[in-house]
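Enquirer: Structure in structure tokens, see below.
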Amino acid sequence: MLKRSIKITFRLNAQECQRLKKQVKKSGLSQEAFIRTFINGYVPKELPPPDYYAMMRELHAIGSNLNQIAAKANATGHIDRTVFQYEANRLRKAVLDIQAAVTSPERRENNGNHGDMGCDRPP
């Protein structure tokens with residue numbers, strides 16, 4: 001972890017504080033991590049819905065089953081390896097796409113619009 005020895009204090013009015021707390025809670029980050037994300041040019045995403053984790057477990061189980069099928073098929077020689085590999089790659093890409101869509105922070109727009117986190121105007 002990076003060592004952070006510089007402390008910065010700033011003041012907010014009640015409305016700004018409420019908005020910050022609301023957005024921090026939605027993101028699942030600490031206030032410090034939330035603000036650092038903005039400083040580094042990103043807009044944090046909201047926490048994924050609870051169903052996300054169940055979907056990911058299911059997709060990983062499917063991938064595991066595909067690997068078992070592939071091992072058995074290689075032993076018996078009864079599968080088109082090209083077709084299977086294509087499907088396995090599609091599954092892997094779907095998992096990564098879901099993870100990226102739900103959990104990865106997005107770069108902020110250059111115009112200062114922070115609408116992704118419920119902010120109507122720049123700070």
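Enquirer: Leaving out same-chain residues fewer than 8 places away, which lysines sit with a Cα under 28 Å from that of Lys22?
Expert: The reachable lysines, counting only those whose Cα sits under 28 Å from Lys22, are Lys3, Lys7, Lys45.
Enquirer: When we measure straight from the Cα of Lys25, which aspartates and glutamates land under 15 angstrom away, once same-chain ones fewer than 8 places off are left out?
Expert: Answer for Lys25, where 15 Å is the Cα cut-off: Glu16, Glu46, Asp116, listed by chain and number.
Enquirer: Determine the dipole magnitude for the chain: charges of +1 sit on the beta-carbon of Lys and Arg, -1 on that of Asp and Glu, nothing else is charged, the reference point is the Cα centre, and the result goes in debye to the nearest 20.
Expert: 600 debye
Enquirer: Moving on to the next point. Putting +1 on Lys and Arg Cβ atoms and -1 on Asp and Glu Cβ atoms, find which of Val43, Ala73, Ala14 reaches farthest to the positive end of the dipole of the chain.
Expert: Toward the positive end, the furthest listed residue is Ala14.
Enquirer: Specify the residue with the greatest mean-square fluctuation among Val43, Val83, Val95, computed from a Gaussian network of the chain linking alpha-carbon atoms under 10 Å apart.
Expert: Greatest mean-square fluctuation among the candidates belongs to Val83.
Enquirer: Follow-up. Give me the percent relative contact order of the chain, please, defined on Cα pairs under 8 angstrom at least 6 residues apart.
Expert: The value is 31 percent.
Enquirer: Right, next: In straight Cα distance, which lysines are under 26 Å from Lys72, not counting same-chain residues fewer than 8 positions off?
Expert: Lys93
Enquirer: In whole percent, and with a 1.4 Å probe on the protein chains, what portion of the accessible area of the chain is carbon and sulfur?
Expert: Result for the chain: 54 percent of the exposed heavy-atom area is carbon or sulfur.
Enquirer: Please list, ordered by chain and number, the residues whose modelled amide H lies under 5 Å from the amide H of Leu47; skip anything fewer than 5 residues away on the same chain.
Expert: Distant-sequence amide H within range of Leu47: Ser27, Gly28.
Enquirer: Say we join alpha carbon atoms closer than 10 Å with springs in a Gaussian network model of the chain; which of Ala101, Ala33, Ala73 then has the biggest fluctuation?
Expert: For the chain, modelled as a Gaussian network with Cα springs under 10 Å, the answer is Ala73.
Enquirer: With loop defined by DSSP as not H, G, I, E or B, and exposure as at most 10 other Cβ atoms within 10 Å, which is the longest segment of the chain clear of exposed trypsin sites (Lys or Arg not before Pro)?
Expert: Longest stretch, sites excluded: 12-123.
Enquirer: Can you work out D for the chain in µm² s⁻¹ from Stokes-Einstein, where Rh is the Kirkwood radius over C-alpha pairs, the temperature is 20 °C and the viscosity is 1.002 mPa s?
Expert: Answer, rounded: 119 µm²/s.
The values are calculated or read from the model by the stated rules, or taken from the named source; none is laboratory data. Bear in mind that the values here come from a model prediction, so they are computed numbers and not experimental data. We place every Cβ from the backbone using ideal geometry, glycine too, and count neighbours over all the protein chains shown. Accessible surface is based on the protein model in full, side chains and every heavy atom, while ligands, DNA and RNA are left aside. Shrake-Rupley method; radii C 1.70, N 1.55, O 1.52, S 1.80 Å.
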